[in-house]
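Peer 1: First, the structure itself, so that you have it in front of you.
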Amino acid sequence: MKRFEWRDTIQALDAEADCERIVRILGSHEFPWDIEQALGLALYRTYAVPSIGELLAHTREFTERTQHRYDDTALILNDILEHGFEPGRGRDALRRMNQMHRSYDISNDDYRYVLSTFVVMPVRWLNDYGYGWRRLSEHEIAASTNYYRKLGRHMGIKDIPETYEQFRDLLDTYEQENFAYTEGGRAVSDSTLDLMVTFYPAWQRPLVRPFTKALLDERLIKAFGYPEPSAAWRKLSVGALRLRARVVRLMPSREKPRWARESANIRSYPGGYEPSRIGTFPAGCPVPHDMLTQDVAPTGARVPAPGQAVAPQGAATGAADGPVIARPFDTTATPAAPETTGTTET
């Protein structure tokens, strides 16, 4: 394929009607690594909002099961992108995400802010910061905006911005008004950086933290209470990413899609997974009836026990009111008491 063949393919598609296909091409062919980094940075920014950072710390998922939480987030978003919003694996992943979110008291404003980071940060990474091997076109930005507006509607978010510019203004205003230091936000940030270090060879690991922090803007650095990165580290980090972009520009187009589920950094489910069987199951959240779970004290949530990410062969799928719970270190499983099952919109 010619280097700009995917760009030309996208240009022939409709930014609204074909937004899913366009975002799929951008995320798996044109910019798989860049968009992965940008979306990781997008989620990382949300920890600096006190209501979000403190909630994530309270669940203990980001501080005690960081690898699983990273994997669950990446896999659920990947399945929605790869398979779409129609019935099937993509819809299952969307339902699982909604089940988790709706088990907590999350404001519509926080939902809208998180959604805005998904819209804005890839554009900033590729265009504003100059880390992409080419810039996103206005047509591609419109398609990406339409895709996340669609995702937001499936999540039940209200008052979703209509344009990229509105998302950008929402993000900047929300961060200016809400970013602040909290112990929980800092703990989640530290745990995330600790995990990121493990993604690199041993000789690179001492460089990962200063390199990553040098990419964070002053507002984010202050919210996490980190020392201001040196000018040398900032220049080195930005220069390295822009140099990489020049090298990637000389490479041929990616013909085979690269999905987040194929990343070596995702380690929790070597035997495979089903989107309905990963993540957390807070109190009141339906659990597949044949799945062994473990308690996450003191939150009352449950998580899949090891080896439970795929249903037993021949087992029926779905959720039931009486999940089977495997207590940590127990050798037997006992039925849990019935619980109220909520509904999930998709």
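The values are calculated or read from the model by the stated rules, or taken from the named source; none is laboratory data. Here the structure is a predicted model, which means the values were calculated and not measured. Neighbour counts are summed over all protein chains in view; Cβ atoms, including those assigned to glycine, are modelled from backbone coordinates with ideal geometry. Quick note on the areas: whole protein, heavy atoms, side chains included, nothing else; ligands and nucleic acids left out. Shrake-Rupley method; radii C 1.70, N 1.55, O 1.52, S 1.80 Å.
Peer 1: Can you give me the C-alpha center-to-center distance between the stretch 252-271 and the stretch 190-212, rounded to a whole angstrom?
Peer 2: Using only Cα atoms to place each centre, the spacing works out to 20 Å.
Peer 1: Can you give the Rg/Rh ratio of the stretch 78-195, where Rg is from the C-alpha atoms and Rh is the Kirkwood radius? Mind dumping the intermediate values first?
Peer 2: Numbers: Rg = 15.6 Å, Rh = 15.9 Å.
Here the Rg-to-Rh quotient is 0.98.
Peer 1: Counting other Cβ atoms within 10 Å, keep those with at most 15, restrict to DSSP loop, and tell me which GluC sites (Glu not before Pro) in the stretch 1-71 are left.
Peer 2: Glu16
Peer 1: Which chymotrypsin sites (Phe, Trp or Tyr not before Pro) from the stretch 1-78 combine a DSSP loop assignment with at most 14 other Cβ atoms within 10 Å?
Peer 2: Phe4
Peer 1: Here's something else I'd like to know. Could you please tell me the mean projected area of the C-alpha convex hull for the stretch 142-263, averaged over all directions and given in square nanometres to one decimal?
Peer 2: Convex hull of Cα atoms, orientation-averaged projection: 10.9 nm².
Peer 1: Still on this structure: Can you compute the FRET efficiency between Asp14 and Arg242 using 1/(1 + (r/R0)^6), with r the Cβ-Cβ distance and R0 = 35 Å? Round to the nearest 0.05.
Peer 2: The formula returns an efficiency of 0.60 here.
Peer 1: Keeping every protein chain present and rolling a 1.4 Å probe, give me the accessible area per residue for the chain in Å².
Peer 2: For the chain, the per-residue accessible area is 48 Å².
Peer 1: Round to the nearest 10 and report in Å² the accessible area of Leu241, as given by a 1.4 Å probe over the protein chains' heavy atoms.
Peer 2: 10
Peer 1: Calculate one ³J(HN,Hα) per residue across the stretch 112-124 by plugging θ = phi - 60° into the Karplus curve 6.51 cos²θ - 1.76 cosθ + 1.60, and present them in order as whole Hz with x for glycine and proline.
Peer 2: So the J values, rounded to whole Hz, are 5, 5, 4, 4, 5, 5, 5, 6, 8, 5, x, 5, 5.
Peer 1: 5 Å is the cut-off here: which amide hydrogens, built 1.01 Å from N in the peptide plane, fall below it relative to Gln294, excluding neighbours closer than 5 in sequence?
Peer 2: Here the answer is Val303, Ala305, Ala326, since their amide H atoms fall under 5 Å of that of Gln294.
Peer 1: Also: For the stretch 161-210, state which GluC sites (Glu not before Pro) are in a DSSP loop and have at most 11 other beta carbons lying within 10 Å of their beta carbon.
Peer 2: Of the GluC sites (Glu not before Pro), the ones in loops of the stretch 161-210 whose Cβ has at most 11 other Cβ atoms within 10 Å are Glu162.
Peer 1: Suppose we keep just the alpha-carbon trace of the chain; what are its Rg and Dmax in angstrom?
Peer 2: In order Rg, Dmax, the Cα atoms of the chain give 20.4, 60 Å.
Peer 1: If you don't mind, another one. For Val287, enumerate residues with amide H under 5 Å from its amide H, sequence gap 5+ or separate chain, H modeled in the peptide plane.
Peer 2: Excluding prolines and chain starts, which carry no amide H, the hits are Ala320.
Peer 1: Given the options Tyr113, Tyr200, Tyr129, which has the most mean-square fluctuation in a GNM of the chain, springs set between C-alpha atoms less than 10 angstrom apart?
Peer 2: Tyr200
Peer 1: If each Cα of the stretch 194-279 is one equal point scatterer, what is log10 of I(q)/I(0) from the Debye formula at q = 0.20, 0.25 Å⁻¹?
Peer 2: -1.09, -1.20
Peer 1: Leaving out ligands, DNA and RNA, what percent of the accessible area of the chain is carbon and sulfur, probe 1.4 Å?
Peer 2: 54
Peer 1: Take the alpha-carbon centre of the stretch 44-73, take the same for the stretch 81-105, and report the distance between them in whole Å.
Peer 2: Answer, in whole Å: 18.
Peer 1: Would you mind estimating how fast the stretch 66-125 diffuses translationally, via Stokes-Einstein at 10 °C and 1.306 mPa s with the Kirkwood radius over Cα pairs, in µm²/s?
Peer 2: Working: Rh = 12.7 Å.
Stokes-Einstein gives a translational diffusion coefficient of 125 µm²/s.
Peer 1: In addition: Radius of gyration and Dmax for the stretch 48-92's Cα atoms, expressed in Å?
Peer 2: 13.3, 35
Peer 1: Where in the chain is the longest stretch that carries no trypsin sites (Lys or Arg not before Pro) classed as loop by DSSP and with at most 16 other Cβ atoms within 10 Å?
Peer 2: With trypsin sites (Lys or Arg not before Pro) excluded where exposed in loops, the chain gives 4-133 as its longest stretch.
Peer 1: Would you calculate, for the chain, the mean residue ellipticity at 222 nm contributed by helices, counting each DSSP H stretch of 4 or more residues as -39,500 (n - 2.57) and dividing by all residues, to the nearest 500?
Peer 2: The helix contribution divided over the chain gives -15500 deg cm²/dmol.
Peer 1: Which value in nm describes the separation of the simple spin-label points at Ala264 and Val310, placed 7 Å from the Cα toward the beta carbon?
Peer 2: With each label placed 7 Å out from Cα toward Cβ, I get 2.3 nm.
Peer 1: Now for a different question. Label Asn127 and Asp105 with points 7 Å out from Cα along Cα→Cβ: what is the distance between them in nm?
Peer 2: Once both label points are built, they end up 3.9 nm from each other.
Peer 1: If you fit an axis through the alpha-carbon atoms of helix 164-178 and take the longest principal axis of the Cα set of the chain, what angle between them do you get, 0 to 90°, nearest 10?
Peer 2: Once rounded, one gets 70 degrees.
Peer 1: OK, next. Find the all-direction average of the projected area of the Cα convex hull for the stretch 176-238, expressing the result in square nanometres with one decimal place.
Peer 2: Value for the stretch 176-238: 4.6 nm².
Peer 1: Hey, rough spin-label estimate for Arg219 and Phe199, points 7 angstrom out along Cα→Cβ, what's it come to in nanometres?
Peer 2: So the two model labels end up 2.3 nm from each other.
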